[in-house]
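What follows is one structure encoded as structure tokens, with my remarks underneath.
Nothing in this text is a laboratory measurement; each read-out follows from the coordinates by a stated rule. Please read all numbers here as calculations on a predicted model, not as lab measurements. All Cβ positions, glycine included, derive from the backbone under ideal geometry; neighbour counts span all protein chains shown.
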Amino acid sequence: MPISAQDHILQQEDGKKRWIAHVNSLSQSFALCPTHEEAEKIREDVAFFQLIRTAFCKYSDSGKLPEELDWAVRQLVSKAVVSAEALCSEWAQNERSCS
């Protein structure tokens, strides 16, 4: 099935580029609320779309689009900020308990 889906996408004008962009947007949106009832209904569809996207990217030069790299960097920074906030919060609580 993935092969026939890839073939269909490649037959469209800018199909590969458009597919990857739309699946990236869908993936980012899905990541915001993966446990929501509506999101759970489309979980398998999203996984299939991501499978096709991955197959396209796997055989490209770097395997990553600039948008994907930007998104990955933003995620890492976001996680670092959350971790730093948690450390600061914990540190502040320890400071209060030591006083």
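Summary of computed values
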item	result
Expected-Rg normalisation [2.2 N^0.38 Å, Cα atoms] applied to the stretch 1-62	1.17
Proxy reagent accessibility, fewest Cβ within 10 Å first, across R53, R18	R18, R53
Exposure proxy order (Cβ contacts within 10 Å, fewest to most) of I42, I52, I3	I3, I42, I52
